[in-house]
Amino acid sequence: MAAGIAAGLAVRRLEPVLIDRIAAGEVIERPAAAIKELVENAVDAGARAIEVVVEAGGKRLIRVTDDGCGMSAIDLDLAVERHATSKLPEGDLFDIRSLGFRGEALPSIGAVAHLSILTRNGTDPNGWAIVVDGGRKESVRPAPAGRGTRIEVTDLFSATPARLKFLKSDRAEAQAAVEAVKRLALAHPQVRFTVAGDHLSTVDLPAEGDDEAALLRRLARILGAEFAPNAVPIDAEREGVAVTGFAGLPTYHRGTSTHIHATVNGRPVRDKQILGAVRAAYMDFLPSDRHPALMLRIACDPRLVDVNVHPAKSEVRFRDPGLVRGLIVGALKQALAGAGHRATTTGGLRTLAALRPQSIPEAMSPPMQGAPQPDLHIHTGQPFPSSVFGGRARPAPTTFDNWQAPTGFADSPQTAFHAFAPPAADARAGETAAMAEAVEQPLGAARAQVHENYIISQTRDGIVIVDQHAAHERLVYERLKRERAASGIARQLVLIPEIVEFDPSEADRLLAHGDTLAALGLVVEGFGAGAVAVQEVPAALVGGDIRALVRDVADTLTEWGDARALDERLDHVLATMACHGSVRSGRRLRPDEMNALLREMEATPFSGQCNHGRPTYVELKLSDIERLFGRS
């Protein structure tokens, strides 16, 4: 029996209406997909303002109105026919310079819903209208209309009611429609977009323009006002492929990947290859469960990319995927490196929010029986009763003049930097020319160390709070990477080899990767069954906990598997090493050590976040601090 012939049945040609419904199932799987197709047509028509209205999540009504070029009666009649388009003037499928094919989606929509189109171009004295109901096309008739096109889709999937069972709630479908329009709005900031209807708040995105500043304004409206001050521009080009846009700082990360946006020649895409390149670029800076916020605009010759690999055109295929991936990774890393030590401004905002006065009444009110005692109190000028401190005795307020350093902290010039010192903003002992010059630096001059982990620094217009362990961890990590990329990581012999015991299988795995570890500055040798001897360590890690370091590296080997996987994760291993070689929490630092740490942070890219994606410092502006105390 010939292939494709069912038993006892002859081959026959499907009815045109059934063909259209099959096509609709591929392209129009939900209301948001129909809205995407219609809005793309409006953008291709040169519209400067597009309005979208939905009811019942788009199932009852979708109306898309634009002020584009409109259509003539002949064009309108052909637009609802299958395989009719105005977007392939030369008939070349490899030279697509538009978002879609006008007429490609319209017959599919008309096959499963009631479709009506009202349009008028700039030359006809009147407009034209047509109706397609469940695949049945009516004739074109004249109608009054302004320039542009209005398309109404009612009772979506009325011709295929089974598909309605697969749709989500009206609210969920409405939100999906909004997201589809927002993605197109990011791709075309020169166009005004409006979305209204039930189950959603009206979205009105004014036209911004065509330049980079316009894109940033549009991004701020969609991704949030905090995105703009926490974004860096992207601009790179190689072999005819250009990547532009804006990338959020690593510390401005989000819980999902929905804030990663990309366009290819103006077409919004959700491409796995692009997402993979973005993740690779941010691998050094983000926890595995967090995602960046950014917008990439990829431009290239249309012949270098195939946009027809997916029915909904949400994925693309590049002729040279390696080139595009490398360009994206390189452009992002270069842009983030150019940001230097910058950290997100939202860290300071969160700090201020935690100090807002609204928490004061609860803190000062009598505590409930058995409730934990608050640690935040407002100084009223009167001595605090012991009950305020949960029954713990606290020293009476004192002044800087009669204050004395605790026993064991002998070096008197460092008293202003001790955790138990009174407010060191007085800092008369440190008011030197060098200190005044340091205040003008981006991270300012160190004034105090509190809880033996946080450095308080004074800048020209505020203060900076630095997590000394997190900051130094990033500095050590970047140093190790530079050494590995240059001439290899500098190693130092261990005076007495450190013996570390493992399960025999773990020890064997560690020794099997001895050459790879040696290239990273860690030299280990076998020392009997289930033990290794550490002979050399990276010079940057001297003084760290070698046992803990080697155990963590062994865990990393277990996690990443074979040597090839490890080779691809060398930076991950270096990050593990850096954690053990950094200044530990609880270590007291001298003023010169703290200032040296600040200066090195300013000179080191990516020092605004640690190896785990957390910020290394927060900055508070003086004006914000003054508002906390009602001084402005």
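Using the 2.2 N^0.38 Å rule of thumb for compact globular proteins, work out how segment 16-205 stacks up: its C-alpha Rg over that value, please. Walk me through the intermediate numbers first.
Values: Rg = 15.5 Å, N = 190, 2.2 N^0.38 = 16.2 Å.
Cα-based Rg divided by the globular estimate yields 0.96.
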Send over the Kirkwood Rh of segment 212-338, from the inverse of the averaged 1/r over different Cα pairs, rounded to one decimal Å. 14.7 Å
Suppose each label sits 7 Å from its Cα in the direction of the beta carbon; what would the ARG460-VAL11 distance come out to in nanometres? 8.0 nm
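Taking the mean number of other Cβ atoms within 10 Å as a proxy for protection, how do you rank 128-139, 107-118 from highest to lowest?
Working: 128-139: 17.3, 107-118: 23.8.
Output ranking for 128-139, 107-118: 107-118, 128-139.
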Using 7 Å Cα-to-Cβ label points, what is the ALA236/ALA533 separation (nm, one decimal)? 4.6 nm
Fewest Cβ neighbours within 10 Å first, please rank PHE318, PHE285, PHE193 accordingly. PHE318, PHE285, PHE193
Put +1 on the Cβ of every Lys and Arg and -1 on every Asp and Glu Cβ in segment 212-338; which of ALA293, VAL243, ALA281 then has its Cα farthest towards the positive end of the dipole? ALA293
Could you give each residue of segment 66-75 its phi-based ³J(HN,Hα) in whole Hz, using Karplus coefficients 6.51, -1.76, 1.60 with θ = phi - 60°, and x for Gly or Pro? 9, 10, x, 6, x, 9, 7, 4, 5, 4
³J(HN,Hα) across segment 232-243 via Karplus (A = 6.51, B = -1.76, C = 1.60, θ = phi - 60°), whole Hz, x for Gly/Pro? 10, x, 10, 7, 8, 8, 7, 6, x, 10, 10, 10
Apply the Karplus parameterisation 6.51 cos²θ - 1.76 cosθ + 1.60, with θ equal to phi minus 60°, to every residue of segment 166-173 and state each ³J(HN,Hα) to the nearest whole Hz, in sequence, with x for glycine and proline. 8, 7, 8, 5, 4, 5, 5, 5
Check which residues have an amide H placed less than 5 Å from ILE234's amide H, if you skip close sequence neighbours. GLY245, PHE246, ALA247
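May I ask you to sort MET71, MET601, MET435 by Cβ crowding, counting other Cβ atoms within 10 Å and putting the fewest first?
Numbers: MET71 26, MET601 23, MET435 18.
Ascending number of Cβ neighbours within 10 Å: MET435, MET601, MET71.
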Segment ASP571-SER314, extension gain: residue separation times 0.36 nm, minus the distance between their alpha carbons: 89.3 nm
Expressed in nanometres to one decimal, the distance between label points 7 Å along Cα→Cβ at LEU622 and ASP515 is 6.0 nm
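Using 0.36 nm per residue, how much length does the chain from ALA490 to ASP508 gain when fully extended, once their Cα-Cα distance is taken away? Please report the intermediate quantities before stating the final value.
On the way: separation 18, 0.36 × 18 = 6.48 nm, distance 2.52 nm.
Value of the extension gain: 4.0 nm.
How much length is gained if the chain between ARG136 and ALA196 is pulled fully straight, taking 0.36 nm per residue apart and subtracting their Cα-Cα distance, in nm to one decimal?
So the extension gain works out to 18.7 nm.
Please give the net charge around PRO321, taking every other residue with its beta carbon less than 14 angstrom from that of PRO321, where Lys and Arg add +1 and Asp and Glu add -1.
Working: positive: ARG238, LYS272, ARG317, ARG319, ARG325; negative: GLU239, ASP271, ASP306, GLU315, ASP320.
The answer is 0.
Order these peptides, 183-190, 31-38, by their mean beta-carbon neighbour count within 10 angstrom, highest first.
On the way: 183-190: 22.2, 31-38: 25.6.
Highest mean packing first, the order is 31-38, 183-190.
FYI, it's all coordinate maths here, none of it is from the lab. This is a predicted model, so every value here is computed, not measured. Because the Cβ atoms are built from the backbone with ideal geometry, glycine has one as well, and the counts that use them run over all protein chains shown.
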